[in-house]
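Okay, structure first, notes after.
The values are calculated or read from the model by the stated rules, or taken from the named source; none is laboratory data. Given the structure is predicted, the values throughout are model-derived calculations rather than measurements. Cβ placement follows ideal geometry from the backbone for every residue including glycine, while neighbour counts extend to all protein chains displayed.
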Amino acid sequence: MTDWPHAPVHRLLQPGTYMVTTGTYLKRRLLCTAERLQLVQDALFRFAGEYGWGLQAWSVLSNHYHFVAVSSDDPKSLVSLLRRLHRNTATALNRMDGAMGRHVWFQYWDTELTFPRSYFARLNYVHNNPVHHGVVKVATEYRWCSAAWFEREADPAFQEVVKSFKTDRVNVPDDF
């Protein structure tokens, strides 16, 4: 398979757990209100459910988002999920701004997480992404990420495992 040199490679070959990162076009801070952040988070939940992707962690910020999810039986459905998510949210955001046809989303990056250490570190990274970007001091205070949900729902022992993994060496496109 020849890789296209101007875009991220998408190798969705087998069911598994994937991390996805997407940014807004030109890193514009288009998700600058609670209403806009909620719009994207709700759409992410809806389309992940429709395509059978089980969200494990998510974080939606003003100009990008990350999520970790377990694929459906057909991991290539991620392409359709993201197309619908981006089309629907771009249309809604452009309608809000009277900017029909504006380019909202840029490329996305996906990585299959095949090693437990990589999985745990990325879960921790995504839960704490609002802290990483200086939006909040404590991730559980940010409504558009999974940190509070994880703290409420995950087994305390599993929480401790995830929190023990350092994120400073996680290789994720996140220069937003």
When the range 60-76 is checked residue by residue, the ones that are farther than 24 Å from Tyr25 by Cβ and either of a type in the set (Val, Ile, Thr) or outside any loop (DSSP other than H, G, I, E, B) (or both) are Val70
Checked Val135, Val131 against criteria (assigned to a loop (DSSP other than H, G, I, E, B) and under 25 Å from Val40 (Cα atoms)); the one match is Val135
For the range 143-176, the count of residues that are without any contact (Cβ under 8 Å) to a residue 60 or more places away in the chain and either touching a Pro at 6+ places or on another chain (Cβ under 7 Å) or among the hydroxyl-bearing types (Ser, Thr, Tyr) (or both) equals 2
Checked the range 76-96 for anything closer than 19 Å to Ser62 by Cα and in contact (Cβ under 8 Å) with a residue 40 or more places away in the chain; matches are Leu82, Leu85, His86, Asn88, Thr89, Ala92, Leu93, Met96
Do the conditions hold for Arg122, that is, is it loosely packed, with under 14 Cβ neighbours inside 10 Å and either assigned to a helix (DSSP H, G or I) or acidic (Asp, Glu) (or both)? no
Please work out if Arg102 is among the charged types (D, E, K, R), modelled with pLDDT of 95 or more and more than 24 Å from Gly49 (Cα to Cα). yes
